[in-house]
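Structure, as structure tokens:
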Amino acid sequence: MGLEPKTEFVDGDLRDIHKAMLPVVAAFGGVIVPALTYVVVNPISNADLTTINNWATPTATDIAFLDTDDLSVLYLLLALLSLRLFTFLARKLRDFFMPYHWAAWVILLPIGILT
């Protein structure tokens, strides 16, 4: 365990179990959900079941594209377009997201789907 999380759990704000619950659950969910999604989707989309051993790859965001042979530039450009739209709206129309909290999620969702 790193020094900073240990300090937070021992002496910081996260020593209270109620305050620590959200970050701990989010950390576990960030590992478990991508792994389970891979295990469920892989047999449907891939006839070679030996690739099920790669279940840990989606849990690490820095190696998410490690096994990608056919990385499409079009998908990356579409993801960047979505990010650019969000950046434009956030900078130029600051009040846009106040009445429409769901709008940021809708705009940024394609980044997760496309990549």
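Where a number appears in this text, it was derived from the coordinates with a stated rule and is not lab data. If you're wondering where the values come from, they're calculated on a predicted model, not measured in any experiment. Positions of Cβ are backbone-derived with ideal geometry, glycine not excepted, and every protein chain shown enters the neighbour counts.
Below are the figures for this structure:
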item: FRET efficiency for Trp55 and Phe28, using Cβ-Cβ distance with R0 set to 25 Å, rounded to 0.05; result: 0.95
item: Separation of the Lys6 and Leu77 label points, Cα + 7 Å toward Cβ, nm; result: 4.9
